[in-house]
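Below is one structure, written out as structure tokens; the observations come after it.
The values are calculated or read from the model by the stated rules, or taken from the named source; none is laboratory data. Predicted, not measured: the structure shown is a model, and the values here were computed from it. Cβ placement follows ideal geometry from the backbone for every residue including glycine, while neighbour counts extend to all protein chains displayed. To get the accessible areas, we keep the full protein, side chains included, count just its heavy atoms, and leave off ligands, DNA and RNA. Shrake-Rupley method; radii C 1.70, N 1.55, O 1.52, S 1.80 Å.
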Amino acid sequence: MEYRGSVRPFVHFNAKHDAELLHKAMKGIGTDEDAILMVLTARSNDQRQEIKAAYKKAYGKDLVSALKCELGGLFENLIVALMTPPVLYDATLLHKALKGAGTDDQVLIEILASRTGEEIKEIIKVYKKEFGGKLEKDISSDTGGSYGRLLVILLQGSREEGVEEDKIEKDAQDLYAAGEGKFGTDEEKFITILGNRSSEHLQKVFDAYKKLSGSDIEDSIKGETTRNLEDLLLAVVKCVRNVPGFFAEGLHKSMRRAGTDDDSLMRIMVSRSEVDMLDIRANFKKMYGQSLYTTIQEDTAGDYQKALLYLCGGKD
């Protein structure tokens, strides 16, 4: 498969040399933020972990702690996120979303709807190792109803494989009967079908659904469900149709308001920079008629902006 990330491994990589550069950038009075962001945004996450090890070996200190001492604000948060291995980053985001007052449902929905089954299994392992708890238990005790049940189904990370031709029509009819076809929604059907079938299968089900009901499944979900369950079902449908499109929409939402939702902006830019940022950019341009690069430029400032633009990787 062709690589679709905007950040790729640095070709002439030398962890020891990079550790020295970072050490110099933080030594003495004042910090050379430019040097820090030039090094860290131009390395893959694996390479950043090697730099971290080389830094500790050379200077006897933890690189992330050193960076935290020198930097501040959004730029610091972004650099710390870049220094976190991807699975640990997801696990940490989920832990933060669940602990404390109130649940950050946006984070739960985004991660569980968009990650692959393999990724989710890894996240569960790392979550247990880092936070000593079971992710499923934490989600169950923090959420409820059909919404909580669908999160738990997604957490199994075991979507079926391939397309089952003989099930397409029936699935579409079941969804129609469960939603538009009668008063009150039979949420179980939605949860079971959208939570378990393969993406390829669901795409065909959505086509059959459109023929059957005359409207898109998204419109029915909006008409029939509310709040968290609606958001989660829509996220699942959007990720089935087009994961980069789902993230392009998330980025657009994070920036077009009066205030910028920096948590979402940062989370998506960091977690997709080595996955599908090139496709997200293409979708963004197609959907909103403006390049992601220009939108970030208009919406952010300073070193934080510079680092985000490096992660974006170019204008479209």
Handout entry: Residues of segment 105-121 with amide N under 19 Å of a point placed 7 Å along Cα→Cβ from Ala81
Key = 105-116
Completion exercise
Rounded to the nearest 10 degrees, the helix 105-114 long axis (Cα) sits at an angle to the longest Cα principal axis of the chain of 80
Fill in the blank from the handout: Counting all Cα-Cα pairs in the chain, those more than 26 Å apart amount in percent to 52
Handout entry: Angle between the chain longest axis and helix 227-241 axis [Cα atoms, degrees, rounded to 10]
Key = 80
Handout entry: Length added when fully stretched, Ser158-Thr226, from 0.36 nm per residue minus Cα-Cα
Key = 21.9 nm
Problem - Acute angle (nearest 10 degrees) that the helix 243-255 long axis makes with the longest principal axis of the chain, alpha-carbon atoms - result: 70
Practice task
Enumerate the lysines that Lys57 could reach by cross-link, defined here as Cα to Cα under 21 Å, with residues fewer than 8 away along the same chain left out.
Solution key: Lys16, Lys24, Lys27, Lys68
Completion exercise
From the cross-link list Lys189/Lys211; Lys99/Lys204; Lys170/Lys238; Lys210/Lys286; Lys56/Lys125, the entries with a Cα-Cα span beyond 29 Å are Lys99/Lys204
Practice task
Roll a 1.4 angstrom probe over the protein heavy atoms and tell me the percent of accessible area of segment 230-269 that is carbon or sulfur.
Solution key: 44
Handout entry: segment 1-152 - percent of accessible surface contributed by carbon and sulfur, probe 1.4 Å
Key = 54
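For segment 1-143, what does the accessible surface come to per residue with a 1.4 Å probe? Please give it in Å². The partial results should precede the final answer.
Numbers: 7620 Å² over 143 residues.
With the other protein chains kept in place, segment 1-143 gives 53 Å² per residue.
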Completion exercise
Counting only protein heavy atoms and rolling a 1.4 Å probe, one gets per residue an accessible area for segment 220-316 in Å² of 41
Exercise for the section: Using a 1.4 Å probe and ignoring any ligands, DNA or RNA, find the accessible area of Lys99 and quote it in Å² to the nearest 10. Expected result: 120
